[in-house]
Amino acid sequence: MKSLLTLMRPYKGESDLQPLIDLFAAGERVDKLELSVSIAQLRRSLLAPSLDRDRDLRCWEDADGKLIGFARVSIEEPTQDNLADGSCSPAQTFNAEDWQERCYLML
């Protein structure tokens, strides 16, 4: 009987790149969205200075250590700009201080 155990862990860096590419390729075979990424593109994306790899990236492995899931979370601090363009607020009915408090409460 195969174990259903999964392990969530931090992104390990270079050693996760090929397993991530393989995971994305498996998704592409099913979804057929014609989206592909090279290791070089993925490496650049995951080395972005604005990315906090310890906080923003998570991987999931099955009981055999195979990468089966990946998440990248990006949380922007509320600013006048992202409040004005709606990227933080579902509506522009709050002032910045009020919405900042609401954004933090949702986290």
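Results for (1) in contact with a Ser or Thr (Cβ under 9 Å, 6 or more places away or on another chain); (2) aromatic (Phe, Trp, Tyr); (3) modelled with pLDDT under 65, shown as yes or no for each residue.
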site: Glu28; (1), (2), (3): yes, no, no
site: Val37; (1), (2), (3): yes, no, no
site: Leu42; (1), (2), (3): no, no, no
site: Glu76; (1), (2), (3): yes, no, yes
site: Leu83; (1), (2), (3): yes, no, yes
site: Gly86; (1), (2), (3): no, no, yes
site: Ser89; (1), (2), (3): no, no, yes
site: Phe94; (1), (2), (3): no, yes, yes
site: Trp99; (1), (2), (3): yes, yes, yes
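Can Glu14 be described as exposed (fewer than 10 other Cβ atoms within 10 Å of the Cβ) and at pLDDT below 70?
So Glu14 does not fit the description; no.
Output the residue which, of all residues in the range 17-50 that are of a type in the set (Asp, Glu) and either surrounded by 11 or more Cβ atoms within 10 Å (Cβ to Cβ) or within 15 Å of the chain's Cα centre (by Cα) (or both), is farthest from Ile68 (Cα to Cα). Before you say what the answer is, go through the steps one by one.
In the first step, residues of the range 17-50 are kept if they are of a type in the set (Asp, Glu); the result is 22, 28, 31, 34.
Still in the list and also either surrounded by 11 or more Cβ atoms within 10 Å (Cβ to Cβ) or within 15 Å of the chain's Cα centre (by Cα) (or both): 22, 28.
Numbers: Asp22: 10, Glu28: 14 Å.
The residue in question is Glu28.
The values are calculated or read from the model by the stated rules, or taken from the named source; none is laboratory data. Bear in mind that the values here come from a model prediction, so they are computed numbers and not experimental data. All Cβ positions, even for glycine, are placed from backbone atoms using ideal geometry, and neighbour counts span all protein chains on display.
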